[in-house]
Structure formats: C-alpha cells, structure tokens
1. Please compute, for the alpha-carbon atoms of the stretch A:139-194, the extent along each of the three principal axes and give them in descending order in Å.
2. Return the Rg/Rh ratio of the stretch B:144-202 with Cα-based radii and a Kirkwood Rh.
3. Provide the per-residue ³J(HN,Hα) series for the stretch A:189-200, in order, calculated from phi with Karplus coefficients 6.51, -1.76, 1.60 and θ = phi - 60°, each as a whole number of Hz, with x at glycine and proline positions.
4. According to a simple spin-label model (label point 7 Å from Cα along Cα-to-Cβ), what is the distance in nm between B:ARG221 and B:TYR173?
5. When the scattering of the stretch A:145-299 is computed by the Debye formula from its Cα atoms alone, each counted once and equally, what is log10 I(q)/I(0) at q = 0.10, 0.16, 0.19, 0.20 Å⁻¹?
6. Counting just the Cα atoms, what span does the stretch B:166-280 cover along each of its three principal axes? Round to the nearest Å and put the largest first.
7. When you have a sec, figure out the Kirkwood radius of the stretch B:97-227 from all distinct Cα pair distances and drop it here in Å to one decimal?
8. For a footprinting-style exposure proxy, rank B:PHE74, A:PHE51 by other Cβ within 10 Å, fewest first.
Amino acid sequence: MSEITDTRMIAPDDAATSNAPVMPPENLQTQGTKIRSATLHLILGALGVLFLAPMLWLFLASFDKNASWGVEWPHFSLINFKHVLTGSLLHSLWNSVVLAVISTAIASVAGVFAAYALSRRRIPFKGPLLLFIIFSSGVPLAIMVIPVYEIFSRYGFLSILPTAVFLSVTSLPFEVYLMKNFIDAVPTDLEEAARMERASTFQVLRRVVIPLALPGIAAAAIFGFVNAWGSFVVPLILISPQNQQPAPIAIYTFLTLPKPEFGNIAAYSLIFCVPVFILYVVSSRLFREGFVLGGGVKG
Amino acid sequence: MASIPMIDTVTGPSMSELWKTRHDKARYQWGSLGLLAPTFALLILLFLVPMGFAVYLGLTNLDLVGPTAIHSSFTGWANLIRLKTDSTFWSSLWVTGIFIVGSVVGVVVVGYVLASLLMRARPWMRMIVGGIVVVAWMMPAVTAGMTWYASTTGTGAFATLLGTPNTNFLDDYPLLVVTVASVWSMTGFSMLVMGAALRNIPSEAIEAATVENSSSWQRFRMIILPLLRPTMTAIVLLSGLLALANFSLIYIMTQGGPGSATNILPLYSYQQAFTYNNLAYGALIGNVMVVIATVFGVFYVRIAARRI
C-alpha cells in the first residue's frame with residue numbers, strides 16, 4: 001500500500017495537453033483545448049459508467065425488499081439489513097473480526113521486530129533474507145493451502161485460530177517489507193540518544209522507533225487486516241466447524257441455497273465491504289500526512 | 001487487495017551486490033536474530049515446510065477420504081504420468097494462460113489510460129471516476145464475484161445498459177466475462193501506482209519534446225513509456241501473480257464452468273483435491289502453480305530489489 005495516493009492530489013498537467021509547436025492565435029488554442037477537454041471527460045465518464053455498472057446491483061438490491069438478480073429501482077426498505085444482522089449471520093461477521101484481528105496482530109508484532117532488525121542491524125545473510133522477503137511478498141502464499149490442509153488435519157488444527165496464524169503468514173512478508181521501508185526513513189539520531197541513556201532494544205522500539213514509524217506500521221496492519229478479512233479460499237478449506245465460518249463463507253452459502261434471498265445477500269455483502277472501505281480512507285490519510293518525522297530531531 | 005510495490009527510478013545496490021558478503025565491516029550483531037526469529041519461524045513452518053511437503057505429497061496416492069487417506073504411500077512418477085495425459089489439466093493450463101494474459105494486458109492498458117486521463121481531468125471528475133475505480137479494487141473478491149454474477153444475468157446491469165435483455169453474458173462468453181471482472185477488480189491498484197509514476201516524470205522532458213514539434217504518440221513512445229517501464233513491469237508481474245491465484249472471483253461466478261471453460265489451475269487443483277478426493281493429485285497441480293509463481297516471483301524480486 002506504499003504508493004496509495006488519492007487521485008484527487010494529482011496536479012493538472014497542462015503541458016501534456018497542449019500539442020502546439022508554435023503558439024497559435026489565442027482563441028484557436030482555447031477552442032482546441034475545449035474540444036480536447038470535452039472528449040477527455042466523455043471518455044472518462046464512459047469508463048466510470050462501465051466501472052460502476054457491476055456494482056449497481058449491490059447497492060440497489062440491498063435496499064429492495066423484492067430484490068432479484070436484475071437491476072431495478074428498489075422498493076425502498078431497510079428490512080434486508082435487519083434480517084441479516086441476526087443469528088448465525090451476525091456470528092459469521094464476528095468470526096471474520098476474530099480471524100482478521102488475530103492474524104493482523106500476529107503479523108504486525110512479528111513483522112515490526114523483523115523489519116527493525118532488517119533495517120538497522122548487521123545480520124548474516126541480510127541480502128538473501130531480504131530477497132526472500134520480497135519474493136514471498138509477491139508470490140500469493142495462499143496457493144500453499146493443500147499441503148497446509150494436510151498438515152493441519154493431521155494435527156487436528158482445522159479451526160479458526162490456526163487458520164488465523166496461516167493467514168498472518170500470507171500477509172507477513174509484505175508487511176515486513178513495508179515497515180522496513182518506513183523504519184529506514186526514521187532518523188537514527190533519536191535512537192542513538194536513547195541508546196546513550198542505556199535504553200534496551202525493546203525500550204528503543206517501544207518509545208522511539210514504533211511511535212515514529214507509526215504511519216507505516218498502521219498501513220501494514222491495515223493491509224494485513226484487509227487481506228485476512230476478504231480471504232475466501234483459505235477459511236473455506238481450513239476451517240471445518242460450522243460455527244467458526246467467517247462472513248465470506250456465509251455469503252457463499254447464501255448462493256448455494258435453493259431459493260436465495262437476493263436482498264439479504266446484497267445487504268450482507270454491503271455490510272461486509274464497509275470496514276474495508278473505511279480502512280482504505282484511513283490508510284490514504286495516513287500516507288498523506290505520512291512522514292512528519294522532521295519535528296522529532298531538533299536543529 | 002493487491003500488495004503494491006515500492007516503485008521508483010532510484011537505483012540502489014544491484015542484485016549481485018546484495019548477495020555478496022562483506023568482510024570489511026564490523027562483526028554481526030547476533031542478538032538481532034532473536035528479533036527475526038518469530039517472522040522466519042512462521043515463514044519456515046507455514047511456507048517453506050508446506051512447499052517441501054507438497055513436493056512429496058504430489059508423488060503419493062493420498063486421498064481425502066477412504067483407505068489411502070491415512071495410509072498413503074509413495075507412488076513415484078505415477079501422478080506425473082497421469083498429469084501428462086490429463087487433457088483437463090492441459091486445457092486448464094491453457095485457460096489459465098489466457099486468463100492471466102488477458103488480466104495483465106487489461107490492468108496495464110486500462111490503468112494507464114485512467115491514470116493519464118485523470119491527470120488532466122477536472123477535480124470533480126477525478127474524484128468520482130477515481131473513487132469508483134478504487135472502490136472496485138477494494139471490494140472483497142467474494143462480493144465482487146457476486147455482484148458481477150448479478151450484473152451479467154439476463155436482467156442485470158450489462159444487459160440493461162447494452163439494450164440486450166435476456167442475454168446471459170456469463171453463459172455466452174464465460175472466459176471473457178471472468179477476465180473482464182478480474183481486470184475490473186485490479187485496475188484501481190495499477191491506476192494509483194501509474195498515476196504516481198506519471199507525476200514523477202519531469203515536465204521539462206515533455207515540454208522539450210513539445211517544443212521540438214513531436215506528436216503525442218512520439219512523446220508517449222519516446223519519453224513516457226521508457227520512464228514508466230520499471231513501474232509497468234512490476235504491475236505486470238504482480239497482477240499476473242494475483243490473477244494466477246484468483247480463486248475466489250471465478251469460484252463464485254462460475255465454479256470453473258460451464259464445462260471447464262473458466263477452470264483455471266487453482267480451481268482445478270481444488271476440484272481434484274476436495275471434490276474428487278484426490279488430495280495428492282490436487283497438490284501436484286498446486287505445485288505446477290508454485291513453479292509458475294516462482295518464475296514470476298524471481299523476475300519481480302529483480303525489479304523490487306533495486307530499491308532496497
């Protein structure tokens with residue numbers, strides 16, 4: 001999530017739009033620019049409609065008490081939301097929270113230590129270790145799910161907690177990589193000052209490094225949370241007790257019913273999306289206010 | 001959600017430099033290994049060990065249920081021979097190839113078009129269109145698959161929008177529809193990364209080319225494309241890896257069907273392991289995915305390592 005930048009921040013680049021080698025008369029240029037700008041906005045509008053179209057059903061059907069697979073103007077009602085926030089469906093959302101929070105906590109705590117060591121310390125085989133971290137941050141580790149299933153089933157681990165640990169591993173390499181880049185940017189002066197005062201490694205981490213690299217650590221944690229929250233195939237295979245299934249499995253189960261309640265599916269999916277959208281907004285803020293480390297070191 | 005690479009044109013130590021051991025520096029701080037222990041213990045136990053185990057598993061007759069579920073034995077090349085003659089596997093590999101190439105080309109092209117157009121658009125347009133594309137990217141795969149399924153039915157958004165009611169696009173063009181859905185769900189990430197890279201192109205370069213009477217195609221070909229190449233390569237590799245593992249979206253939309261029209265490797269592997277109970281054979285198909293992912297991953301490391 002390193003490069004998350006709100007598109008709103010993009011500055012208009014007039015140089016790229018004008019194609020004129022020699023300045024033409026004033027009015028000619030503005031007319032050309034106007035036509036260009038109109039075309040550009042038309043193309044963008046069309047792309048926007050194409051991207052919006054598949055989402056329409058989700059928003060319309062969730063507020064429609066007679067929803068179907070089709071898109072139609074809803075018979076407005078909030079009854080779908082009321083229906084899905086009860087019983088086992090609510091419990092599945094809670095399971096998703098447990099799964100995501102535990103896996104995020106494991107990955108972020110383990111990750112911040114590793115990121116600090118890789119950023120600051122002299123370690124044997126540091127280069128190869130870093131390359132391994134980058135490699136495994138690119139490769140989707142969820143493709144390991146069959147051997148992990150076999151291992152888990154042999155030890156009776158096919159439940160929510162071991163699954164949370166496996167999910168933490170799928171986001172761990174990228175979290176380490178992200179946090180390392182942030183810790184690299186923290187000035188070492190403050191750390192050296194803390195060392196002079198005989199602070200231990202853990203004190204240095206807790207009082208100096210973690211507070212200063214907090215935007216990066218938060219961004220990494222958000223990445224881990226979103227990764228675990230949206231995960232479908234890993235819990236599908238690794239969690240066997242019915243009452244431990246997270247929300248994505250509940251959504252899938254909805255679809256396999258002989259007579260699906262379309263409005264309920266849509267409303268439940270929309271609720272399921274909300275935390276992800278909120279966290280995205282939070283993380284893009286974090287990056288905008290990002291590195292305000294300058295104030296930490298005086299003069 | 002996609003993991004986004006740190007991409008810029010700053011060059012750090014090269015690959016070969018990273019592998020070299022330095023002898024002219026002070027001693028290692030061995031205590032640091034304690035800090036690394038939790039992360040590497042997790043990665044070894046739940047990544048490297050399963051990977052090694054999968055190699056063995058692929059060469060056994062382990063089943064999900066039945067007598068060979070507990071007492072499996074090593075069967076050597078038997079599964080590999082089966083794989084070689086399994087026409088479903090080869091068609092699945094072909095479908096996977098089309099799906100990955102289609103997804104990658106779509107993600108790069110649509111991402112670039114959006115990034116470069118949004119740069120010149122009015123702020124309200126940037127906010128609305130950029131926002132919609134990012135929401136599509138952030139949407140969890142299960143939800144995305146479901147809303148795509150709904151929109152491609154006979155009464156769905158696309159049939160209504162294109163004025164062709166009762167056309168079920170998912171039945172008529174299954175592979176095309178799931179590929180477009182995959183592009184839809186990943187473009188936000190490439191748009192954001194390419195937008196950032198485009199803003200890093202010095203405007204002097206463009207201005208100089210404009211003064212030299214260049215066409216906009218020449219400016220794209222000679223200035224923008226070379227400067228964006230590292231970013232584009234990273235996006236190609238990452239979106240290729242994500243498409244390779246994109247189980248959820250297709251599973252929700254088609255479950256690999258109709259027939260095996262959208263049966264990409266992760267689906268076929270799951271199907272063999274958990275529908276037909278051939279856990280070992282499913283693991284072997286998983287290993288084929290690991291090999292493909294490793295090739296992509298090695299190229300990705302070569303690009304990302306430039307900025308450690």
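1. 51, 24, 14
2. On the way: Rg = 15.5 Å, Rh = 12.9 Å.
Result for the stretch B:144-202 is an Rg/Rh of 1.20.
3. 3, 5, 5, 5, 4, 5, 4, 4, 8, 6, 6, 6
4. Here the answer is 2.9 nm between the modelled labels.
5. The Debye formula, applied to the Cα set alone, gives -0.54, -0.97, -1.14, -1.19.
6. The Cα atoms of the stretch B:166-280 stretch 65, 39, 18 Å along the principal axes, largest first.
7. Values: mean 1/r = 0.0599 Å⁻¹.
One decimal place: 16.7 Å for the Kirkwood radius.
8. On the way: B:PHE74 9, A:PHE51 22.
Result, fewest neighbours first: B:PHE74, A:PHE51.
Read-outs throughout are calculated quantities, based only on the coordinates presented, and are distinct from any laboratory measurement. Since we're looking at a predicted model, the values are computed, not measured. Neighbour counts are summed over all protein chains in view; Cβ atoms, including those assigned to glycine, are modelled from backbone coordinates with ideal geometry.
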